[in-house]
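Trainee: Quick one: this structure, given as structure tokens, is what I'll be asking you about.
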Amino acid sequence: MTVESTAPRKPRRSAGTKSTAGKTTTARKSPSTDPELVQLLTPEGERVKNAEYDEYVAGITPDELRGLYRDMVLTRRFDAEATSLQRQGELGLWASLLGQEAAQIGSGRATREDDYVFPTYREHGVAWCRGVDPANLLGMFRGVNNGGWDPNSNNFHLYTIVIGSQTLHATGYAMGIAKDGADSAVIAYFGDGASSQGDVAESFTFSAVYNAPVVFFCQNNQWAISEPTEKQTRVPLYQRAQGYGFPGVRVDGNDVLACLAVTKWALERARRGEGPTLVEAYTYRMGAHTTSDDPTKYRADEEREAWEAKDPILRLRRYLEASNHTDDGFFAELEAESEALGKRVREAVRAMPDPDHFAIFENVYADGHALVDEERAQFAAYQASFADEGGQ
């Protein structure tokens with residue numbers, strides 16, 4: 001696979017099918033048949049050679065491979081526990097990463113400690129790689145805090161709910177560290193839905209013009225809630241980078257080795273002062289957009305089942321087993337560790353204290369404000385009314 005050139009070229013005509021209304025709709029391509037996709041592990045777990053990216057995983061050891069597998073398994077277990085907690089009424093909402101473990105673990109493990117990460121609200125695997133306690137991710141979804149961790153402790157920003165805005169934050173931060181002469185890079189995560197936001201376009205413009213050391217990592221899970229990707233773009237998302245003057249690469253998002261290799265390449269490029277890169281991880285959201293969503297209303301079971309056959313965890317397991325890099329004891333120990341993680345997270349969530357009701361009035365203005373003071377007093381009187389009723 002060759003990185004997209006920034007030179008002008010004729011637009012490609014996408015293959016399509018005619019609908020009954022006479023409109024052309026883009027046909028979905030399988031990543032295994034896409035010649036523009038970087039892939040190092042097939043869905044069957046077979047190693048594929050790649051002249052451009054093999055060097056970035058050439059020295060990977062069996063221990064590191066098992067580590068990637070462990071990361072994905074434990075991340076999925078945590079995600080499943082969070083989904084269960086929401087169903088039990090312990091969380092207000094949860095955004096699952098089911099199916100996107102390889103994209104997140106591969107890219108997350110490609111970062112260095114001094115790199116800075118800007119996530120959205122689904123990057124639980126990246127948070128795991130950055131050393132954020134999984135239980136801390138749940139405070140916001142339980143409504144007890146606004147994040148739960150210090151972003152500067154792990155160079156991992158708080159989750160961002162406003163779609164696409166974190167790409168602007170990442171670009172500005174990258175421009176800043178470039179001016180400081182720092183030998184580090186920034187990576188910003190967003191989804192295919194966010195790619196349609198103006199903030200993302202503006203981020204591309206500024207990062208290109210100022211040669212910012214930032215990697216834009218788009219997890220294209222093909223559904224922006226109920227909107228398929230072909231309703232948002234006429235070309236593959238990675239090709240958008242061409243119009244802004246920097247490289248774009250499409251990688252198999254269910255291949256943890258390919259995601260690791262491509263992200264390493266992009267981050268090293270940024271650190272050398274060569275500017276931004278757009279990485280499109282072509283993957284699939286196997287679950288709902290959030291626990292308030294019902295994906296059966298807008299997509300076919302056959303589509304989901306086809307992608308389940310490309311499961312990122314099963315893919316690496318097949319490779320480990322075929323390469324004799326592991327045994328039954330490893331999987332048994334990991335299963336026990338997985339269950340222990342689920343239990344710890346479950347207990348931690350249920351032990352979270354209620355938030356300070358008056359915290360919402362803090363940090364609204366730097367020096368205080370008369371209107372906020374008035375609202376705080378009104379809220380205090382409202383709270384006191386419950387105590388008065390209880391004493392009658």
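Trainee: Here are some conditions: (1) of a type outside the set (Asp, Glu); (2) part of a helix (DSSP H, G or I); (3) touching a strand residue (DSSP E or B) at 6+ places or on another chain (Cβ under 7 Å); (4) closer than 26 Å to VAL48 by Cα. VAL249 meets all but one. Which one does it not meet?
Mentor: (2)
Trainee: Moving to a separate point now. Out of region 242-291, which residues are touching a Phe, Trp or Tyr at 6+ places or on another chain (Cβ under 6 Å) and at positive phi?
Mentor: GLY275
Trainee: Would you call ARG346 assigned to a helix (DSSP H, G or I) and open to solvent by less than 100 Å² (accessible area, probe 1.4 Å)?
Mentor: yes
Trainee: Another question, if that's okay. For ASP255, only one of the following conditions fails: (1) under 16 Å from the mean Cα position of the chain (by Cα); (2) within 24 Å of PRO151 (Cα to Cα); (3) not aliphatic (A, V, I, L, M). What is its number?
Mentor: With respect to (1) under 16 Å from the mean Cα position of the chain (by Cα); (2) within 24 Å of PRO151 (Cα to Cα); (3) not aliphatic (A, V, I, L, M), ASP255 is out only on (2).
Trainee: Next question, about the same structure. Just to verify a result, which residue in region 128-157, among those that are touching a residue at least 24 places away in the same chain (Cβ under 8 Å) and closer than 18 Å to VAL214 by Cα, is most open to solvent (accessible area, probe 1.4 Å)?
Mentor: HIS157
Trainee: Condition first: basic (Lys, Arg) and farther than 16 Å from ALA127 by Cβ. Now tell me which residues in region 61-88 satisfy that.
Mentor: Matches in region 61-88: ARG66, ARG87.
Trainee: OK, next. Anything in region 202-218 that is in contact with a Leu (Cβ under 9 Å, 6 or more places away or on another chain) and open to solvent by less than 30 Å² (accessible area, probe 1.4 Å)? List them, or say none.
Mentor: SER203, PHE204, PRO213, VAL215, PHE216, PHE217, CYS218
Trainee: Within the set of pairs 6 or more residues apart or between chains, which connect a residue that is within 13 Å of ARG66 (Cα to Cα) inside region 306-318 to a residue that is surrounded by fewer than 19 Cβ atoms within 10 Å (Cβ to Cβ) with Cβ atoms less than 6 Å apart?
Mentor: Qualifying pairs under 6 Å: ARG315/GLY45; ARG318/GLY45.
Trainee: Being of a type in the set (Gly, Ala, Ser) and open to solvent by less than 10 Å² (accessible area, probe 1.4 Å) is the filter here; which residues of region 87-108 pass it?
Mentor: ALA95, GLY99, ALA102, ALA103, GLY106, SER107, GLY108
Trainee: Determine which member of the set THR233, THR277 is polar (S, T, N, Q) and either without any contact (Cβ under 8 Å) to a residue 60 or more places away in the chain or open to solvent by 60 Å² or more (accessible area, probe 1.4 Å) (or both).
Mentor: Answer to the check: THR233.
The values are calculated or read from the model by the stated rules, or taken from the named source; none is laboratory data. Quick caveat, the model's predicted, so the values are computed rather than measured. Quick reminder, even Gly has a Cβ in these numbers, built from the backbone with ideal geometry, and neighbours come from all protein chains shown. Accessible surface areas use protein heavy atoms only, side chains included; no ligands, DNA or RNA. Shrake-Rupley method; radii C 1.70, N 1.55, O 1.52, S 1.80 Å.
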